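Read the figures in this text as sums done on the coordinates, not as results from a lab. What you are looking at is a predicted structure, and each value in this text was computed from that prediction instead of being measured. We place every Cβ from the backbone using ideal geometry, glycine too, and count neighbours over all the protein chains shown.
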Amino acid sequence: MARVIILFALIMLPALALASRPVRTPFVVRGKVFCDTCLAGFETSATTYIPGAKVRIECKDRNSMELQYTHEATTDSTGSYTLLVNEDHGDELCDAVLVSSPQEKCSSVSEGRDRARVILTRYNGIASNERYVNAMGFAMDEPMSGCNQVMSQYQDIED
């Protein structure tokens, strides 16, 4: 019986030690933040990207939904952000979340575009360490001029 316990310990302890270590190669999370200038609810040809917007990665426990990890970033001049995440979050639900916009006229969160799921584990078949997050957006208070013409591009017209 003692041999079985010792054998079990010799097999399981190294596996547990490897599982608890931080990831050697970090995940690179990339995304964009846009301003919905025409209040379309999606990116259009009139969409602009917001430099200086704040974005946060939040990972929550799947069962208790308690926040386990957060990390914040700011978008660059192209409205893009890059975050490095050093840990595997396989048992957690991780989302990129909008925090704030520096543009006063485009600071209300676009409904349904305020968060995006991101997979931060290596045990899912994704070979790359890069994770691309769907674009998230803020909406203007009023649509800018010329939006009718922009939106007409997206209308489905049947003959």
The answer for the per residue Cα convex hull volume of the chain, in Å³, is 171 Å³
Can you show me the helix-derived [θ] at 222 nm for the chain, built from DSSP H runs with n ≥ 4 at -39,500 (n - 2.57) apiece and divided by the number of residues, rounded to the nearest 500.
-5000 deg cm²/dmol
Summed residue charge, Cβ within 13 Å of residue 43's Cβ, Lys/Arg positive, Asp/Glu negative:
+1
Quick check: residue separation of residue 155 and residue 128 times 0.36 nm, minus the Cα distance between them. What number comes out in nm?
6.0 nm
Where a Cα-Cα gap under 26 Å defines reach, which lysines qualify for residue 105, not counting those fewer than 8 residues away within the same chain?
32, 54
On full extension of the chain, what length is gained from residue 2 through residue 76, given 0.36 nm per residue of separation minus the C-alpha to C-alpha distance?
20.7 nm
Label point distance in nm, residue 148-residue 62, each placed 7 Å from Cα along Cα→Cβ
5.2 nm
Quick one: net charge of residue 57's neighbours, Cβ under 13 Å, K/R +1, D/E -1?
+2
How high is the relative contact order of the stretch 23-152? Use alpha-carbon pairs under 8 Å, at least six apart in sequence, and give a whole percent.
34 percent
